[in-house]
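The values are calculated or read from the model by the stated rules, or taken from the named source; none is laboratory data. These numbers come from a predicted model, not from an experiment. Note that we place each Cβ from the backbone using ideal geometry, even for glycine, and neighbour counts take in every protein chain shown. Surface areas here come from the heavy atoms of the whole protein model, side chains and all, with no ligands, DNA or RNA. Shrake-Rupley method; radii C 1.70, N 1.55, O 1.52, S 1.80 Å.
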Amino acid sequence: MPRYQFREGVWPTMSLQKIDYSQFRRSPTIDLVGVEERVAKFNSRSIKKESKMFALKLAMSLCDLTTLDAKDTPGKVKQLCAKAMRPHEDLPEVPHVAAVCVYPNMVKIAKKALEGSKINVAAVATGFPSGMTSLKFRLDETRWAVSEGADEIDMVISRGKFLAGEWQTVFDEIVAVKEACGKAHLKVIFETGELSSLDQVRFISDLAMDAGADFIKTSTGKVQPAATLPVTLVMLEAIRDFYYRTGKKIGMKPAGGIATAKIAIQYLVMLKETLGEDWMNPHLYRFGASALANDLLRQIVKEKTGRYQSFDYFSKD
Amino acid sequence: MSRQENSDRLGVLKTYKLYIDGKFPRTESGRYFKLKAADGKILANVCQGSRKDVRDAVTAARTAFAKWSRQTAYLRGQILYRVAEMLEGRRLQFTEELVEQGVTRDKAIAEVSESIDTLVYYAGWSDKYPQIFSAVNPVASSHFNFSMPEPTGVVCVLAPELPSLLGLVRAIAPVIIGGNTAVVLVSSKQPLSGITFGEVLHTSDLPSGVVNLVSGFRDELIKTMASHMDVNAILLCAEKDRVGDSVVVQEQAIENLKRVSVWKDIEANPYRIMEFQEIKTTWHPVGA
């Protein structure tokens, strides 16, 4: 199978929707060692004082506060929504989060609880987290979630089909889900922990953006490893190349495993130095997280009081 | 060819590091202070632990607490006894180290022995102090009402300067035998014994993070330890020339109502276990 090698200015000029993925892979290959070295550099940045406070608050405003358990109850979702609107009782200066992410059957409850706020409701749909069901059901689920009031849909791709080389099918499914979303924003989850290599990550990123994804997202949070810095860097670079190619800005959402403020700040450093400030807002960047919010709060209180904080004094979500 | 000690051989010097979460990391700050013998010879470069080292140690102690506090009294006793066994086996090393740091040989030998005996003493108390300090309380209803001690949580220990080894053992044994986990600032005058004691703990089946040892200076770390919101109690071994310490500790401990213990001596007795215990009272209905 011929393999497309990336060179500046030689991207196909045909209509993006008509790219035949079954014929060739157009994505550049990834230099694993180079990626790891680059990531190590981001982690060496020292972020202190005002910059740290700025980063902590920014990270909070980028959070998709998430609860995706089979045991979720309306009470749990309402509590999470309250936290989304006002993360900490004593800290009114802390911004609200970007969205609350729930299963489709909780959308209505979340929507009502968030009434009057600017916080979106995101629903995971398409047979989350495996996606192992017929396309019809997946599309129906998407339409239903949107009709319940979801502003954003987080879909999963068919990893099995992708790994089997049925790229056109994966492409077509994303197009179909995007259509089913209507006005809702579409985030496409790759589950990079199951894709085996960074080459694959880069390829699926290009494919999904061509297919109409508004956001690309690393993981469901149900599979380990979830989001990692190298994977996210590869996706950010794909977003940058897509922007150079089409002029369209696609969003990025690392999810799963980002539990501490320290790691979140590393992600923000990487974002700033890869895509720049244009992307540093909730329209183009999100953290999919549940435990992160509390650690951000803990660090904010620590910065304010000078005392190291305990989880004993923050709400249990 | 048989191995022979070559007089030209370069000795392998030990790097004295911290003991945090079952590992021996260098201080994250990269700072060191020189420890000198009485004759001015440099004994070692000792890590000057930082606030972040304390923070990391508290995180490790908090994680370890969940399991350690639920272990049976029997097992905790066995493990503390194992620590005594390991210390016994290293008697010579600890004696030499104390002598190097300026303790006379006789006193050093006695200090190591007493340290071992202290561990055995508290190991024996592990399943006895709950019996002695628990109570069945008289109540005017059909209930069994009983009170019993439970570990308080993460305990910061400011170990005595001297005696450096015995003082350390006397301070941490009652803390951990009661199911707490400890973050310890070892003696700054004789830090080597405390740091080497980490090697004994490490080979004694004591789970990672139950005891964390940091070397450094009180002036720098006392406030961090006393103000940390995730620390539930603090043990200050008072020094005669540092009267301000107890004020700092008590002021900083107010915010999260830490238990504060100030010790003017290092006696061993079961009440010292109880200083780091909470009392839980349970009502249990009985028929008729």
Provide the net charge surrounding B:Ala108, with neighbours chosen by a C-beta distance below 9 Å and charges set as Lys +1, Arg +1, Asp -1, Glu -1. -2
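For the pair A and B, how large is the buried accessible area, both sides, in square angstrom to the nearest 100, if the probe is 1.4 Å?
Values: alone 14420 and 14370 Å², together 27900 Å².
Using a 1.4 Å probe on protein heavy atoms, the buried area is about 900 Å².
Hey, any idea what % of segment B:32-285's accessible area is carbon plus sulfur with a 1.4 Å probe? Present the calculation step by step, with values, prior to reporting the outcome.
Working: 5980 of 10970 Å².
Carbon with sulfur: 55 percent of the solvent-accessible area.
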Under a crude label model (7 Å from the Cα following the beta-carbon direction), how far is B:Lys280 from A:Thr73 in nanometres? 2.3
Starting at the first residue of segment A:127-139, write each ³J(HN,Hα) from the Karplus equation 6.51 cos²θ - 1.76 cosθ + 1.60 with θ = phi - 60°, in whole Hz, x for Gly and Pro. x, 3, x, 8, x, 8, 8, 5, 4, 4, 4, 5, 5
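Nearest 20 debye, what's the magnitude of the dipole of segment A:49-306 about its Cα centre given +1 on Lys and Arg Cβ and -1 on Asp and Glu Cβ?
On the way: 34 positive and 31 negative charges, 124 e Å.
The calculation lands at about 600 debye.
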Taking the Cα centroid of segment A:263-317 and of segment A:46-101, what is the distance between the two, rounded to the nearest whole Å? 9
From the residues A:Pro129, A:Pro92, B:Pro270, which one has its Cα farthest along the dipole of the protein assembly as shown in the positive direction, the dipole being from +1 and -1 charges on Cβ of Lys/Arg and Asp/Glu about the Cα centre? A:Pro92
Looking only at A:Asp140, A:Asp214, A:Asp90, which one moves most when chain A is put into a Gaussian network model with springs between Cα atoms under 10 Å? A:Asp90
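May I ask you to work out the translational diffusion coefficient for segment B:32-285 at 37 °C, viscosity 0.692 mPa s, via Stokes-Einstein with Rh from the Kirkwood sum over Cα pairs, reported in whole µm²/s?
Working: Rh = 18.7 Å.
This corresponds to a translational diffusion coefficient of 176 µm²/s.
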Restricted to Cα positions, what overall size does the protein assembly as shown have along the principal axes? Three whole-Å values, descending. 90, 84, 48
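Compute the accessible area per residue over chain B, keeping the other protein chains in place, probe 1.4 Å, unit Å². Walk me through the intermediate numbers first.
Numbers: 13970 Å² over 288 residues.
That works out to 49 Å² per residue.
Would you mind calculating the gained length between A:Leu163 and A:Ser44 on full extension (0.36 nm times residue separation, minus the Cα-Cα distance), in nm to one decimal? All intermediate terms of the calculation are to be shown ahead of the outcome.
Details: separation 119, 0.36 × 119 = 42.84 nm, distance 3.49 nm.
So the extension gain works out to 39.4 nm.
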Keeping all protein chains in position, work out how much accessible area A:Met280 exposes to a 1.4 Å probe, and write it in Å² to the nearest 10. 40
Please compute the contact order of chain A in relative form: average sequence separation of alpha-carbon pairs under 8 Å and at least six residues apart, divided by the residue count, as a percent. 18
Picking from A:Thr142, A:Thr260, A:Thr232, which is most flexible by a Gaussian network model of chain A using Cα springs under 10 Å? A:Thr260
Under the Debye formula (equal points on every Cα, no solvent term), log10 I(q)/I(0) of segment A:49-306 at q = 0.11, 0.13 Å⁻¹: -0.54, -0.77
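Is there a pair in A:Lys187/A:Lys262; A:Lys108/A:Lys262; A:Lys187/A:Lys302 whose C-alpha atoms are over 31 Å apart, and which pairs would that be? Before the final figure, lay out the partial values.
On the way: A:Lys187/A:Lys262 25 Å; A:Lys108/A:Lys262 34 Å; A:Lys187/A:Lys302 34 Å.
The answer is A:Lys108/A:Lys262; A:Lys187/A:Lys302.
Equivalent-ellipsoid semi-axes (√(5λ), Cα gyration tensor) for segment A:136-265, whole Å, largest first? Intermediate values should be presented prior to the final figure.
Working: eigenvalues 94, 58, 49 Å².
Ellipsoid semi-axes (Å, largest first): 22, 17, 16.
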Using Cα positions and a limit of under 24 Å, work out the lysines in reach of B:Lys17, with same-chain residues fewer than 8 apart set aside. B:Lys34, B:Lys36, B:Lys41, B:Lys52, B:Lys189, B:Lys223
Taking a threshold of 22 Å on the Cα-Cα distance, which of the pairs A:Lys83/A:Lys183; A:Lys57/A:Lys83; A:Lys248/A:Lys272; A:Lys49/A:Lys316 fall above it? A:Lys83/A:Lys183; A:Lys49/A:Lys316
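Can you list which of the trypsin sites (Lys or Arg not before Pro) found in segment B:75-158 are DSSP loop residues with at most 15 other C-beta atoms within 10 Å?
Numbers: sites: B:Arg76, B:Arg82, B:Arg90, B:Arg91, B:Arg105, B:Lys107, B:Lys128; in loops: B:Arg90, B:Lys128.
Taking segment B:75-158 and a limit of 15 other Cβ atoms within 10 Å, the loop trypsin sites (Lys or Arg not before Pro) found are B:Lys128.
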Alpha-carbon spread of segment B:1-122, three principal axes, descending order, Å: 52, 38, 35
Loop sites only, by DSSP: take the trypsin sites (Lys or Arg not before Pro) in chain A that have at most 16 other C-beta atoms within 10 Å and name the longest stretch containing none of them. A:250-315
For chain A, set up a GNM with springs between Cα atoms under 10 Å and report which of A:Glu141, A:Glu50, A:Glu191 has the largest fluctuation. A:Glu50
What distance in nm separates the simple spin-label points at A:Ser117 and B:Leu75, each placed 7 Å from Cα in the Cβ direction? 4.2
